[in-house]
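**Q** Supplied in structure tokens, the structure appears directly below.
Since every read-out is calculated from the coordinates, none of them should be taken as a lab result. On a predicted model such as this, the values are computed, not experimentally measured, just so you know. Here Cβ is always computed from backbone atoms with ideal geometry, including for glycine, and neighbour counts include all displayed protein chains.
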Ligand SMILES: Nc1nc2c(ncn2[C@@H]2O[C@H](COP(=O)(O)OP(=O)(O)OP(=O)(O)O)[C@@H](O)[C@H]2O)c(=O)[nH]1
Ligand SMILES: [Mg+2]
């Protein structure tokens with residue numbers, strides 16, 4: 001049977017929290033009024049993540065997993081979205097699994113107001129971002145660069161998202177950058193279409209610090225913004 005909601009969760013070296021997080025998520029979803037599938041989108045892990053994900057998929061019929069050798073958040077997320085079967089897709093992170101966001105976002109998507117795309121923003125009015133100050137500052141710097149370079153109009157591009165799958169497939173297929181900037185490109189491209197989008201504030205409480213150090217991400221972020229600027233503003237690539 002086709003589920004109503006597909007939850008896509010990219011994972012990388014998450015052996016310490018994967019099982020407990022997925023089982024807690026399944027438990028929280030028990031009382032809700034929609035059918036769902038969980039896609040664990042793994043790539044590049046060097047620990048027991050693949051084995052644990054396969055174990056979860058064997059135990060729970062609503063869980064599936066796929067893997068690739070190269071660690072690449074954007075590629076995992078994109079592949080998960082393309083494999084998703086639900087009418088709605090939710091993009092989550094294993095250290096968040098924020099069911100309050102699911103409720104808010106699905107409420108908006110199913111409200112009949114024509115909303116296609118919802119971002120869970122850790123910077124919107126009413127949000128609580130409990131990350132260290134340097135990571136909050138990094139989010140603001142990224143937002144500022146995206147605003148100037150490619151006309152981004154929101155307050156957050158990374159993290160939680162929910163959308164009508166059919167409405168977003170063309171935009172997903174247009175995206176060209178990968179790793180963590182795929183998520184930013186997706187949001188920026190949505191803002192440039194006539195799809196209806198909105199942000200909802202979230203309370204961000206991570207279960208553990210991020211797996212890839214912020215400063216290691218900077219060169220790829222800068223290169224991706226330069227590439228996106230050229231593609232979006234001038235229609236050229238490098
Ligand atoms: N498949 C895959 N998943 C990844 C990769 N890097 C991170 N993830 C997953 O992406 C989610 C978010 O990763 P974090 O390490 O928490 O990164 P973060 O800094 O909190 O992310 P943002 O601040 O939202 O950019 C988690 O579920 C990770 O396991 C990767 O290279 N491949
Ligand atoms: Mg995190």
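**Q** Being within 15 Å of the chain's Cα centre (by Cα) and more than 16 Å from ligand 1 (Cβ to nearest atom) is the requirement here; does residue 179 meet it?
**A** Numbers: within 15 Å of the chain's Cα centre (by Cα): yes; more than 16 Å from ligand 1 (Cβ to nearest atom): no.
Taking the combined requirement at face value, the residue does not satisfy it.
**Q** Hey, does segment 60-72 have a residue that's in contact (Cβ under 8 Å) with a residue 60 or more places away in the chain and crowded, with 18+ Cβ neighbours inside 10 Å? Outline the logic, then answer.
**A** If we filter segment 60-72 for residues that are in contact (Cβ under 8 Å) with a residue 60 or more places away in the chain, which is where we start, we get 72.
After this cut, where a residue has to be crowded, with 18+ Cβ neighbours inside 10 Å as well, the list is 72.
Checked segment 60-72: at least one residue is in contact (Cβ under 8 Å) with a residue 60 or more places away in the chain and crowded, with 18+ Cβ neighbours inside 10 Å.
**Q** Under the condition of being away from ligand 1 (no atom under 11 Å from the Cβ) and more than 16 Å from the chain's Cα centre (by Cα), which residue from segment 117-131 is farthest from residue 187 (Cα to Cα)?
**A** Applying the filter and picking the extreme gives 130.
**Q** Of everything in segment 117-151, what is farther than 27 Å from residue 25 by Cβ and either outside any helix (DSSP H, G or I) or free of Cβ contacts under 8 Å to residues at least 60 places away in the same chain (or both)? Give them in sequence order.
**A** 125, 133, 137, 140, 141, 143, 144, 147, 148, 151
**Q** Hey, can you tell me all the residues within segment 181-209 that are without any contact (Cβ under 8 Å) to a residue 60 or more places away in the chain and within 16 Å of ligand 2 (Cβ to nearest atom)?
**A** 184, 209
**Q** Scan (1) in a loop (DSSP other than H, G, I, E, B); (2) closer than 21 Å to residue 76 by Cβ; (3) touching a strand residue (DSSP E or B) at 6+ places or on another chain (Cβ under 8 Å) for the single condition residue 154 breaks and write down its number.
**A** Among (1) in a loop (DSSP other than H, G, I, E, B); (2) closer than 21 Å to residue 76 by Cβ; (3) touching a strand residue (DSSP E or B) at 6+ places or on another chain (Cβ under 8 Å), residue 154 violates only (2).
**Q** Let me confirm something: among 41, 108, which residue is surrounded by 14 or more Cβ atoms within 10 Å (Cβ to Cβ) and within 17 Å of the chain's Cα centre (by Cα)? Spell out how you get there, then give the answer.
**A** On the way: 108 fails: within 17 Å of the chain's Cα centre (by Cα).
Result of the check over 41, 108: 41.
**Q** Let me ask something additional. On the given criteria, is residue 82 under 14 Å from residue 9 (Cα atoms) and either near ligand 1 (Cβ under 9 Å from one of its atoms) or surrounded by fewer than 22 Cβ atoms within 10 Å (Cβ to Cβ) (or both)? First the steps, then the outcome.
**A** Working: under 14 Å from residue 9 (Cα atoms): yes; either near ligand 1 (Cβ under 9 Å from one of its atoms) or surrounded by fewer than 22 Cβ atoms within 10 Å (Cβ to Cβ) (or both): yes.
It is true that residue 82 is under 14 Å from residue 9 (Cα atoms) and either near ligand 1 (Cβ under 9 Å from one of its atoms) or surrounded by fewer than 22 Cβ atoms within 10 Å (Cβ to Cβ) (or both).
**Q** Would you please name the residue that is nearest to residue 41 (Cα to Cα), looking only at residues in segment 91-116 that are more than 15 Å from ligand 1 (Cβ to nearest atom) and touching a helix residue (DSSP H, G or I) at 6+ places or on another chain (Cβ under 7 Å)? Don't jump to the end; show me each part of the working.
**A** Start the filter on segment 91-116 by keeping residues that are more than 15 Å from ligand 1 (Cβ to nearest atom), which leaves 99-100, 102-116.
Cutting the leftovers down to touching a helix residue (DSSP H, G or I) at 6+ places or on another chain (Cβ under 7 Å) gives us 99, 115-116.
On the way: 99: 19, 115: 26, 116: 23 Å.
By that ranking, first place goes to 99.
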